[in-house]
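Working notes, beginning with the structure itself.
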Amino acid sequence: MFEKLSSFGTNIIPNLENAWEECFDPILQKRIEELIHRIQFESIETEFIEWAESDATDILKGALIISRYQYPDLNENEIIEKIERIKTDIWIELNDDLTALEKIKIFNHIFYNVHRFSGNSVNHLDPQNSFLNIVFDNKKGNSISLGILYLAIAEMLELPIYGVNLPFHFILTFIDHNEQTLSLFDEDIKARVLFYINPFNKGAIFTEKEIIAYMKKVNPKLTDDDIDSSFFLPCNKKVIISIQLNQLIQSYESLGYIAKVEELQILLDHLNKDS
């Protein structure tokens, strides 16, 4: 029965919702709800696999697919339009004569002061912090959701900003980018890092030495041998989305939502399989 209905894809969902409204049997209603969710998840899974197999170049697309996992009726165009407005506000203030540092100061002012985004330090593990639509509604997010937003806008502005998978905290880096293309596997990539950006802390700018000092302050037992140079290198977009999925898995595990953990793990497995 499920296979037959699921073959219609998400097009069958309005009919199932009508059937739910006309049904007064709680058990049957529950089965309809489960069927709708299974169809929606299959659709999300298929789209996510396609994104991963297409080289995952569009970070915003990957993050929006994950948002639709929790909010299937999400209007992606509304989110994209909001991001475009922020991009335009920043673009108006930028010019080619500005230094990298000056550009980021303008970016930070528009993003954090004008549009009022900030890190949610009170309820950091709340899964809502990871969904872009909720981040826009609340103007608060975690390091990965704010980092993805920051990164997506930077790409629209053609700013050479990349994600960095620092242990326990996602950050960004501004690369000296004089060429048309940049490979994350360039041998001299680390030498081209100008500075790092903390999207969770209003875009605070810092150096590698300052990061190491902070890591040692948080964990006094940490030695120089524990700190790998790869911690500070740019990562690809599949890694960034895997961080977002892991954050959600951790959040839902803490809440005891095992079914969601299992489904998100399926998405993560597809990503790891394709890496």
Looking at TYR252, TYR257, which one is assigned by TED's automatic domain parsing to the domain that holds LYS190 and crowded, with 17+ Cβ neighbours inside 10 Å?
TYR252
Looking at ILE49, ILE65, ILE39, can you tell me which residue is in contact (Cβ under 8 Å) with a residue 24 or more places away in the chain, crowded, with 20+ Cβ neighbours inside 10 Å and of a type in the set (Val, Ile, Thr)?
ILE39
Scan segment 218-245 for residues that are without any contact (Cβ under 8 Å) to a residue 60 or more places away in the chain and farther than 18 Å from ILE49 by Cβ and report the count.
13
Considering only residues of segment 189-210 that are in a helix (DSSP H, G or I) and in contact with a His (Cβ under 9 Å, 6 or more places away or on another chain), which is surrounded by the fewest Cβ atoms within 10 Å (Cβ to Cβ)?
ARG192
I'd like to verify a number: residues in segment 80-128 that are in a helix (DSSP H, G or I), within 30 Å of LEU264 (Cβ to Cβ) and touching a residue at least 24 places away in the same chain (Cβ under 8 Å), how many?
8
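Going through ALA56, ALA63, ALA52 one at a time, which residue ends up being under 27 Å from LEU159 (Cβ atoms), hydrophobic (A, V, I, L, M, F, W, C) and at pLDDT below 75? Break it down into steps so the answer makes sense when it comes.
Values: ALA63 fails: at pLDDT below 75; ALA52 fails: at pLDDT below 75.
Going through ALA56, ALA63, ALA52 in turn, just one is under 27 Å from LEU159 (Cβ atoms), hydrophobic (A, V, I, L, M, F, W, C) and at pLDDT below 75: ALA56.
The values are calculated or read from the model by the stated rules, or taken from the named source; none is laboratory data. On a predicted model such as this, the values are computed, not experimentally measured, just so you know. Here Cβ is always computed from backbone atoms with ideal geometry, including for glycine, and neighbour counts include all displayed protein chains.
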